[in-house]
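Presented below is the structure to which this report refers.
The values are calculated or read from the model by the stated rules, or taken from the named source; none is laboratory data. Since this is a predicted model, take the numbers as computed values, not measurements. Note that each Cβ is placed from the backbone with ideal geometry, even for glycine, and that neighbours are counted across all protein chains shown. The protein model used for the area step is the full one, side chains on, heavy atoms only, and it has no ligands, DNA or RNA in it. Shrake-Rupley method; radii C 1.70, N 1.55, O 1.52, S 1.80 Å.
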Amino acid sequence: MAEGERQSPPDSSEDIPPATQNFIIPKKEIHTVPDMGKWKRSQAIEKLVALLNTLDRWIDETPPVDQPSRFGNKAYRTWYAKLDEEAENLVATVVPTHLAAAVPEVAVYLKESVGNSTRIDYGTGHEAAFAAFLCCLCKIGVLRVDDQIAIVFKVFNRYLEVMRKLQKTYRMEPAGSQGVWGLDDFQFLPFIWGSSQLIDHPCLEPRHFVDEKAVNENHTDYMFLECILFITEMKTGPFAEHSNQLWNISAVPSWSKVNQGLIRMYKAECLEKFPVIQHFKFGSLLPIQPVTSC
């Protein structure tokens, strides 16, 4: 057990910090490649869905503007400015009043999770910020371990829907895309969680996700197949050409092997890549300090 930590009685609210905890505004801590050594994996649902529904509604209220450039519609900046202004109020609807001091810190991750308003782009770093947002809510006790299935397949899935709508409406650029050699232009985590959802499926195998009929018939039930459907809607041409990495993955014999490989790939391509993690912000809930040895 870490120094200064005490054993809590069963069923206590041990992961809810005291109201006196000093929360801080998260900031960038990864400034140079050597700083990557600091990066460690750190240790209400309806209200969260309502929050995401609000972001969705704001897209409808902020239509794209006419501009010469096809990509990066500037109306996104208007949409983002509204979120920037309202983020703390939105988070306050999710966080109980006795933890109100956490709101400014947690709100930073929400704002970081929707893309960059200067470049009008979105990528796996923004996706990771939403995972951090959910992690913070777990750490202050708003979300519980018992909520984990709903966190992924209800809240995170709703987040994905809103991000796809942003990407399509404002023609957002992929942030740090590796082209056909990347897994996907925008997302990564839903492929990990989606492949785990399909482990031991009696009928669907990895080879089926490149089958248009199988995807069309099953995408509403499976996160992985929903990701594939979105790719085929956004890209033209043979799947093997525009999504070569996924095409190769479809040859893997089992979903468990796909899942294990994607976890390794995420660690190597996202969590350990300086261009991604340099933008990540650290605070009191997700600190940069190393884990205290037991």
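Residues of region 50-74 being in contact with a helix residue (DSSP H, G or I) (Cβ under 8 Å, 6 or more places away or on another chain) and not charged (D, E, K, R), which ones? The answer is L51, L52, N53, T54, L55, W58, I59, T62, P63, P64, V65, N73. C270: at pLDDT below 80, assigned to a loop (DSSP other than H, G, I, E, B) and either hydrophobic (A, V, I, L, M, F, W, C) or crowded, with 19+ Cβ neighbours inside 10 Å (or both), yes or no? Against the criterion (at pLDDT below 80, assigned to a loop (DSSP other than H, G, I, E, B) and either hydrophobic (A, V, I, L, M, F, W, C) or crowded, with 19+ Cβ neighbours inside 10 Å (or both)), C270 does not qualify. None of E233, E217 is exposed (fewer than 14 other Cβ atoms within 10 Å of the Cβ) and within 14 Å of D185 (Cα to Cα) except E233.
Tell me, please, whether a residue that is assigned to a helix (DSSP H, G or I), in the same structural domain as A102 (by the TED database), of a type in the set (A, V, I, L, M) and open to solvent by 60 Å² or more (accessible area, probe 1.4 Å) can be found in region 135-147.
From region 135-147, those assigned to a helix (DSSP H, G or I) are 135-139, 145-147; that's our starting set.
From what is left, the residues that are in the same structural domain as A102 (by the TED database) are 135-139, 145-147.
Then drop every residue that is not of a type in the set (A, V, I, L, M), which leaves 137, 145.
From the residues that got through so far, the ones that are open to solvent by 60 Å² or more (accessible area, probe 1.4 Å) too are 145.
Among the residues of region 135-147, at least one is assigned to a helix (DSSP H, G or I), in the same structural domain as A102 (by the TED database), of a type in the set (A, V, I, L, M) and open to solvent by 60 Å² or more (accessible area, probe 1.4 Å), which makes the answer yes.
Taken over region 227-241, the residue count meeting the criterion of being in a helix (DSSP H, G or I) and touching a helix residue (DSSP H, G or I) at 6+ places or on another chain (Cβ under 6 Å) is 6.
Which residues, taken from region 148-174, are open to solvent by 30 Å² or more (accessible area, probe 1.4 Å) and either closer than 29 Å to P96 by Cβ or outside any helix (DSSP H, G or I) (or both)? Result: Q148, I149, A150, F153, K154, N157, R158, E161, R171, E173, P174. Residue check: T220 meets all listed conditions (1) under 30 Å from A44 (Cβ atoms); (2) assigned to a helix (DSSP H, G or I) but one, namely (2). A count restricted to region 45-78 and to residues that are outside any loop (DSSP other than H, G, I, E, B) and open to solvent by 70 Å² or more (accessible area, probe 1.4 Å) stands at 7.
Of all residues in region 221-258, those being of a type in the set (S, T, N, Q) and under 24 Å from M172 (Cβ atoms) number 5. Within region 252-270, being touching a Pro at 6+ places or on another chain (Cβ under 9 Å) and not small (G, A, S) holds for V252, P253, W255, K257, V258.
Of the residues in region 14-30, at least one is outside any helix (DSSP H, G or I), exposed (fewer than 13 other Cβ atoms within 10 Å of the Cβ), modelled with pLDDT under 90 and small (G, A, S).
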